[in-house]
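Notes follow once the structure below has been shown.
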Amino acid sequence: QPAGKPAKAKKLSYKEVRELETLPERINELEMEKETLHLTLADPNYYRTAKDAVAKLTARLAELELELAEAYRRWEELEAVGH
C-alpha cells in the first residue's frame, strides 16, 4: 500500500448486515430460554417430579451460556466493523 494513502475501511457484507440485524432478537430468545430454565431448576417440586430431566436442563443451560457468549462476541465484532 503506497505511503500516504489511508487503509480502506472494511464494510459489512450484506450477509453480515443481516446477521447484525438478527442478533438482538437471537440474544433475546436465548436470554428468555435461559431465564425459563433457571426458574424451572429453582423449583423444588421440579426436582422431585423430573429428576431425570434435571441433567438435561443443566446441560442445556451450559450450552445457552456458550451460545450467548458467542452471540455477544459476534455482535460486538460486527458493530466494531460497521462503525
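The values are calculated or read from the model by the stated rules, or taken from the named source; none is laboratory data. From a predicted model like this one, the values you see are computed outputs, not experimental measurements. For neighbour counting, all protein chains shown are included, and Cβ atoms are generated from backbone atoms with ideal geometry for every residue, glycine included.
Values computed for the structure shown
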{"item": "Pair list, Cβ < 7 Å and 6+ apart or interchain, from region 19-39 residues that are more than 13 Å from Tyr72 (Cβ to Cβ) to residues that are modelled with pLDDT under 95", "result": "Glu19/Leu78; Leu37/Leu57"}
{"item": "Residue check for Thr36: modelled with pLDDT of 95 or more and β-branched (Val, Ile, Thr)", "result": "yes"}
